[in-house]
1. If you rank B:Ile123, A:Ile19, B:Ile51 by fewest surrounding Cβ atoms within 10 Å, what's the result?
2. Hey, which of these cross-link pairs are over 21 Å Cα-Cα: A:Lys21/A:Lys186; A:Lys180/B:Lys80; B:Lys81/B:Lys180; A:Lys71/B:Lys173; A:Lys13/A:Lys156; A:Lys83/B:Lys13?
3. Hey, for A:Lys180 with labels 7 Å out along Cα-Cβ, what do the inter-copy distances come to in nm, ordered shortest first?
4. Suppose the Debye formula is applied to equal point scatterers at every Cα of the protein assembly as shown; what is log10 I(q)/I(0) at q = 0.07, 0.08, 0.12 Å⁻¹?
5. Of A:Thr66, A:Thr140, how do they rank once you tally other Cβ atoms within 10 Å and put the fewest first?
6. For A:His75, what charge total do you get from the other residues with a beta carbon under 9 Å from its beta carbon, if Lys and Arg give +1 and Asp and Glu give -1?
7. Considering only the label points, 7 Å along Cα→Cβ from Cα, what distances in nm to one decimal separate A:Tyr99 from the same position in each other copy, shortest first?
8. For the protein assembly as shown, what does -39500 (n - 2.57) per DSSP helix run (n ≥ 4), summed and divided by total residues, give at 222 nm, in deg cm²/dmol to the nearest 500?
2 protein chains.
Amino acid sequence: MKELENYILKYGKVLSNDILKVDSFLNQQIDINLLELLASKWYQEFKDKNITKILTIEASGIALATLTAYKFNVHLVFAKKSKSSNMSDNLYKAKVFSYTHHINNEIYVDKAYLNEFDNVLIIDDFLANGEAVTGLINLTRQANAKVVGVGIAIEKGFQKAGDILRNKGLNVKSLAIIDKMDEITKEIVFREL
Amino acid sequence: MKELENYILKYGKVLSNDILKVDSFLNQQIDINLLELLASKWYQEFKDKNITKILTIEASGIALATLTAYKFNVHLVFAKKSKSSNMSDNLYKAKVFSYTHHINNEIYVDKAYLNEFDNVLIIDDFLANGEAVTGLINLTRQANAKVVGVGIAIEKGFQKAGDILRNKGLNVKSLAIIDKMDEITKEIVFREL
């Protein structure tokens, strides 16, 4: 998606060969016009698939997932990274390693919010090693719900998780795929979509 | 707001005299139709105030803040509860105690995303002891930005933070205010708005 690539080129910061900072428009500060473009694109892609739920993980996926749920007019569900005192014990659980924070998280969704009749579209801001998305797929399958697709804003193509998931037959719709970043020249190479 | 009160009466769970569980429509699972009603109400309330940013705190405020930012067509900024490895050190910081998780958090906003020209509408799902909102007001004022108002979905009126903030002159627009909950009878008493 050209608009997203342009935002990345204009406002993104290549911090290293594998870390791209997009805090100014996608994460921490969120450009609502860009967000609408992304949500509309996923809506176009999946609108005939009878999506019943949008699933994401706190925190940075929530904004994207909210506007996507608004376009589809379906409930949004987000997996939590910690159990708060008022959560039930009736939970789907999956283990997820966070490369950003360098810790293992367990993620949770209350069993009341995913069921076997759900057609789930998973939404997240980044796909790199695929830990979060794999955890969300795992939760969805525990509920016997169907993973209809995965909508990702920025995929780090060089970290392969997107291609691995596609090879397993999943419909992964990334709106920008970065095949290479150079921490010296700051060059970003996008995959043709 | 009658619609929100009806959701609370129909789907909310009184877990104790001061804990209301709204996971099924506002938190974890989010009813997008209700979310739009809430965002539209805040838009009506603050649309003439030249709002330039919507500010919230991760994670449960983000969905509400996203649709509100969409209505206002302005950027959304969310304060973070932990420093990730790719955040800058150029941050506004405030201390916030979480009664849900029983820990002290420091919250952060990158200085690039709030400035003295901003008219900020703070959005959050709950107002109880006021820790999160007070922290967000603190961050906004560090940036010399103006706190135009505070939009809250559910205020626990019996915990007084809303009235304290109003007495300080802040425009706190809560869409449902609970003055009493009874863990035995499950009765919820709303304040007339």
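Here, each number is a calculation from the coordinates, and none is a lab measurement. Small disclaimer: the values here were computed from a predicted structure and weren't measured. Glycine also receives a Cβ, built like all others from the backbone with ideal geometry; neighbour counts cover every protein chain displayed.
1. So the residues, fewest neighbours to most, are A:Ile19, B:Ile51, B:Ile123.
2. As for pairs spanning more than 21 Å Cα to Cα, those are A:Lys180/B:Lys80; B:Lys81/B:Lys180; A:Lys71/B:Lys173.
3. Label-point distances to the other copies, shortest first: 7.1 nm.
4. -0.29, -0.39, -0.91
5. Lowest count first: A:Thr140, A:Thr66.
6. 0
7. 4.0
8. Taken over the protein assembly as shown, the calculation gives -8500 deg cm²/dmol.
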